[in-house]
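Computed from the coordinates by the stated procedures, all read-outs in this text should not be read as laboratory data. Quick caveat: nothing in here was measured; it's all calculated off a predicted structure. Heads up, the Cβs are rebuilt from the backbone with ideal geometry, glycines too, and the neighbour counts pull from every protein chain shown.
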Amino acid sequence: MRRGWIIALAILGLLSRAEARPFIVAGGSDMAPYQFTGSDGHVTGILVHLYGECFRRLGIEFEYESYPWARAQGRVQDGEADAMSTVATDKRLTYAVPGSEVLAVERLVAFANRSNPHFDEIMKAQTLADLKGLHILAQTGSGWSEENLPKDAIVYGSSPSDLLVMLAVNRADLLIEDTALTQQRLQTLRAQYPDLAFDAIVGAQNALATLEFRMMLSKKSGYLGRLEEIDRTLGAMRQDGTIGRIYAEFGLVDQAAIPLTDAPPPPDAAPAPPVDAPPQSGAK
């Protein structure tokens, strides 16, 4: 009996020491408007504000890290960061546990340059199989691309913005991305690089996949036992409209609150430019 109490106290001691440090979320360095570096040099974005409010309600100190996406995932796998927001792939499930709340939904369509010789067939594609033999852009560390696209078809880039630049200069045949996010990024890139052919990039109407992004908590995190509590808080934030308001601040609609369909948002529902808002207290 005494030995059992000693073990229990040791476990409690480990948990208390683990929670002595802030809850750390690792994100990609350029994944606007979900996370990006604002004009003040601090990381900001939808997920930064969303997590900031969640952990404020829970009374947990919170930090948001920004790294190249592959490195961010590695920090969660090693337990150096507690969580990330992404799609639950087979590989990620080996080292992280997904939350029940959907934080973001992306409806993926094919984007291609009008000058590409395969433009018409890309626009008509109904499934990923219809794109066989073409070169497809993907961000380094994209688990969905690694699990769903042929390895010899993938042309990697370091960030979503880099992928669009590569598409503008025909470094590959197409990019598979969310409609609203891509239109927002194109709007920003046109101002930054007026000499590149971003106006020639067109999105198809057919949705090739729908992705649900959740918080994935490292199996090595000291906060693992609080996952249900975090999920309940995120659910309450959606119910009271907080998540919808955060999305609106950055020019997007919370797609997770809309019934899933295969149809992309209509062209006249283009989002407003993202707001360069300051991050929540404790985020960095």
Size of electric dipole in region 164-257: Cβ of Lys, Arg +1 and of Asp, Glu -1, about Cα centre, debye, nearest 20: 320 debye
With a Förster distance of 35 angstrom and the Cβ-Cβ distance between residue 229 and residue 146, calculated FRET efficiency to the nearest 0.05 equals 0.65
Could you derive backbone 3J(HN,Hα) for region 107-121 from the dihedral phi with the Karplus parameters 6.51, -1.76 and 1.60 (θ = phi - 60°), listing whole Hz in sequence and x where the residue is Gly or Pro? 9, 8, 10, 8, 10, 9, 8, 4, 7, 6, x, 9, 3, 4, 5
List the pair-distance distribution P(r) of region 52-107, using every Cα-Cα distance, as the percent of pairs falling in each 10 Å bin from 0 up to the bin containing the longest distance, rounded to whole percents. 19, 50, 30, 1
Which of the lysines could a cross-linker bridge to residue 91, judged by Cα under 26 Å and excluding same-chain residues fewer than eight apart? 132, 151, 219, 220
Can you compute the FRET efficiency between residue 57 and residue 118 using 1/(1 + (r/R0)^6), with r the Cβ-Cβ distance and R0 = 35 Å? Round to the nearest 0.05. 0.10
For region 106-200, what is the convex hull volume of its Cα atoms per residue in Å³? 91 Å³
